[in-house]
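S.K.: To start, I am sharing the structure in question, which I have written as structure tokens.
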Amino acid sequence: MPKELKYDHVDVFTDKPLGGNQLAVFHAPGQLASNQMLAIAREINFSETTFVFPSKTDKAIARVRIFTPTVEIPFAGHPVIGTAFVIATRSRKILENIVLELGVGPITVDIERHGKKIQSLKMHQPLPAFGSALQNREQAARALGVTADDVLGGGVVSNGLDFLVVEATTLRAVQDAQCNSEDAIKVIKRHNVHAIYMFARLQGKGPNVHARLFTPTSSVVEDPATGSAAGALGGYLARILKFPMKLRLTIEQGIEVHRPSLILVDVNSERGTIEGVAVSGKVVAVGDGTIRLH
């Protein structure tokens, strides 16, 4: 008989179905091998798929493994928030926070509720570490399909994953960007990062950052909402702005791929040192499904 594995399908960093970033959460995967989990993630073909196992420590409610369609990764933002939502929704207890055991260590997620209904979730990320500055604006511009004058600067930020953060001079440059895979892969290899996170600062009311993330080495070339990169960007801007005590970003992402997303980032600093990075967002349940393994 075939083995049936059930999963929950949620959209993260949105309050509307069919927006945000898709996530499949296998809440009872049993004894799957790593190659089976990778094959399932490739079959579903979302940006990431998670598998929830009993924790190896009393400090965490579960151990979570995260797979893209091509590789297992130790940390990612929307999979953590989406998985915490599924665990909290399925729990008989009213959980106020959840600790998940990941490849980077324990990650705490706070749960904000209105009555019993979950309103939003806040993930406390690993503190960012800063690497080299953007080494070649012309090469980065070619990778992103813009001109060198469209690129203000950038640098490498690590928080469990490594990102090259690239600031554009205008919103239009980000909107018009087209990932040129060959050049983008060269930039990614040169800086030894997971992806390129391009952004522009916005003025006025509403979101204050417009961002896009490109991962040409993945089967999902543009990610619609990237919590880990958003946290890395928060650290990058806190450093640029000389570490204000409190920095809040409201990041819009995914608009160009027709999956609008909204990510909140809070960075707390003290005496020139980042003390905490939290990434928040909403999650909506979309459906569920079954994978049958013969």
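S.K.: Could you check segment 55-143 for strands (runs of 3 or more DSSP E) lying wholly inside it with 2 or more residues that are within 21 Å of LEU164 (Cβ to Cβ) and in contact (Cβ under 8 Å) with a residue 12 or more places away in the chain? Explain how you work it out, then say what you get.
M.R.: Working: elements: 62-67, 97-102, 105-114, 117-124, 129-133.
The qualifying strands (runs of 3 or more DSSP E) are 129-133.
S.K.: Filter segment 248-283 down to residues that are closer than 26 Å to GLU222 by Cβ and either part of a loop (DSSP other than H, G, I, E, B) or not hydroxyl-bearing (Ser, Thr, Tyr) (or both), then give me how many there are.
M.R.: Step one: filter segment 248-283 for residues closer than 26 Å to GLU222 by Cβ, giving 248-267, 277-283.
Filter again for either part of a loop (DSSP other than H, G, I, E, B) or not hydroxyl-bearing (Ser, Thr, Tyr) (or both), leaving 248-249, 251-260, 262-267, 277-279, 281-283.
Looking only at that region, the number is 24.
S.K.: On the given criteria, is GLN139 in contact with a helix residue (DSSP H, G or I) (Cβ under 7 Å, 6 or more places away or on another chain), over 23 Å from ARG239 (Cα atoms) and not small (Gly, Ala, Ser)? Talk me through it step by step, then tell me what you get.
M.R.: Values: in contact with a helix residue (DSSP H, G or I) (Cβ under 7 Å, 6 or more places away or on another chain): yes; over 23 Å from ARG239 (Cα atoms): yes; not small (Gly, Ala, Ser): yes.
Yes.
S.K.: Restricting attention to segment 203-217, report how many residues are closer than 18 Å to PHE13 by Cβ and not in a strand (DSSP E or B). Show your work before the answer.
M.R.: Here is the first cut: in segment 203-217, the ones closer than 18 Å to PHE13 by Cβ are 206-215.
Okay, now just the ones that are also not in a strand (DSSP E or B), so 206-208, 215.
Counting residues in segment 203-217 that are closer than 18 Å to PHE13 by Cβ and not in a strand (DSSP E or B) gives 4.
S.K.: Consider GLU222 carefully, then state whether it is over 20 Å from THR169 (Cβ atoms), buried (at least 16 other Cβ atoms within 10 Å of the Cβ), outside the structural domain of VAL86 (by TED's automatic domain parsing) and in contact with a Lys or Arg (Cβ under 7 Å, 6 or more places away or on another chain).
M.R.: yes
S.K.: Which one of these is crowded, with 17+ Cβ neighbours inside 10 Å, in contact with a helix residue (DSSP H, G or I) (Cβ under 9 Å, 6 or more places away or on another chain) and without any contact (Cβ under 8 Å) to a residue 40 or more places away in the chain: VAL279, VAL265?
M.R.: Values: VAL279 fails: without any contact (Cβ under 8 Å) to a residue 40 or more places away in the chain.
After applying the criteria, what remains is VAL265.
S.K.: Follow-up question, since we're still on this one. Residue check: is VAL286 assigned by TED's automatic domain parsing to the domain that holds GLY19, outside any loop (DSSP other than H, G, I, E, B) and surrounded by 12 or more Cβ atoms within 10 Å (Cβ to Cβ)? Outline the logic, then answer.
M.R.: Numbers: assigned by TED's automatic domain parsing to the domain that holds GLY19: yes; outside any loop (DSSP other than H, G, I, E, B): yes; surrounded by 12 or more Cβ atoms within 10 Å (Cβ to Cβ): yes.
Against the criterion (assigned by TED's automatic domain parsing to the domain that holds GLY19, outside any loop (DSSP other than H, G, I, E, B) and surrounded by 12 or more Cβ atoms within 10 Å (Cβ to Cβ)), VAL286 qualifies.
S.K.: Something else now. Being without any contact (Cβ under 8 Å) to a residue 60 or more places away in the chain and in a loop (DSSP other than H, G, I, E, B) is the filter here; which residues of segment 178-202 pass it?
M.R.: Restricting attention to segment 178-202, the residues satisfying the condition of being without any contact (Cβ under 8 Å) to a residue 60 or more places away in the chain are 178-190, 192-193, 195-202.
Listed by number, the residues that qualify are GLN178, CYS179, ASN180, ASN192, VAL193, LEU202.
S.K.: Which of the residues spanning segment 144-155 are more than 17 Å from VAL193 (Cβ to Cβ) and assigned to a strand (DSSP E or B)? Even if it seems obvious, please write down each step before you answer.
M.R.: First, pick out the residues of segment 144-155 that are more than 17 Å from VAL193 (Cβ to Cβ): 145-150, 152.
Of everything in segment 144-155, just one residue is more than 17 Å from VAL193 (Cβ to Cβ) and assigned to a strand (DSSP E or B), namely LEU152.
Every residue, every condition in (1) within 19 Å of ASN136 (Cβ to Cβ); (2) surrounded by 19 or more Cβ atoms within 10 Å (Cβ to Cβ), yes or no:
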position: VAL166; (1), (2): yes, yes
position: LEU171; (1), (2): no, no
position: ALA177; (1), (2): yes, yes
position: GLU182; (1), (2): yes, no
position: HIS191; (1), (2): yes, yes
position: ILE196; (1), (2): yes, yes
position: GLN203; (1), (2): no, no
position: GLY206; (1), (2): no, no
position: ALA211; (1), (2): no, yes
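Residue-wise test of (1) under 28 Å from ALA195 (Cα atoms); (2) exposed (fewer than 14 other Cβ atoms within 10 Å of the Cβ); (3) basic (Lys, Arg); (4) not assigned by TED's automatic domain parsing to the domain that holds THR89.
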residue: ALA39; (1), (2), (3), (4): yes, no, no, no
residue: ARG42; (1), (2), (3), (4): yes, no, yes, no
residue: PHE46; (1), (2), (3), (4): yes, no, no, no
residue: PHE53; (1), (2), (3), (4): yes, no, no, no
residue: VAL64; (1), (2), (3), (4): yes, no, no, no
residue: VAL71; (1), (2), (3), (4): yes, yes, no, no
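S.K.: Is it fair to say GLY160 is touching a residue at least 60 places away in the same chain (Cβ under 8 Å) and either more than 23 Å from ILE81 (Cα to Cα) or of a type in the set (Ser, Thr, Tyr) (or both)? Write out each step before concluding.
M.R.: Working: touching a residue at least 60 places away in the same chain (Cβ under 8 Å): yes; either more than 23 Å from ILE81 (Cα to Cα) or of a type in the set (Ser, Thr, Tyr) (or both): no.
For GLY160, the condition - touching a residue at least 60 places away in the same chain (Cβ under 8 Å) and either more than 23 Å from ILE81 (Cα to Cα) or of a type in the set (Ser, Thr, Tyr) (or both) - is not met.
S.K.: Name the single residue that is nearest to ILE81 (Cα to Cα) among those in segment 144-157 being touching a Gly at 6+ places or on another chain (Cβ under 9 Å) and in contact (Cβ under 8 Å) with a residue 40 or more places away in the chain.
M.R.: Taking segment 144-157 as the starting set, the residues that turn out to be touching a Gly at 6+ places or on another chain (Cβ under 9 Å) are 155-157.
Subset that is in contact (Cβ under 8 Å) with a residue 40 or more places away in the chain: 155, 157.
Values: GLY155: 26, VAL157: 21 Å.
Out of the qualifying residues, it is VAL157.
The values are calculated or read from the model by the stated rules, or taken from the named source; none is laboratory data. Please read these numbers as outputs of a predicted model, since none were measured by experiment. All Cβ positions, even for glycine, are placed from backbone atoms using ideal geometry, and neighbour counts span all protein chains on display.
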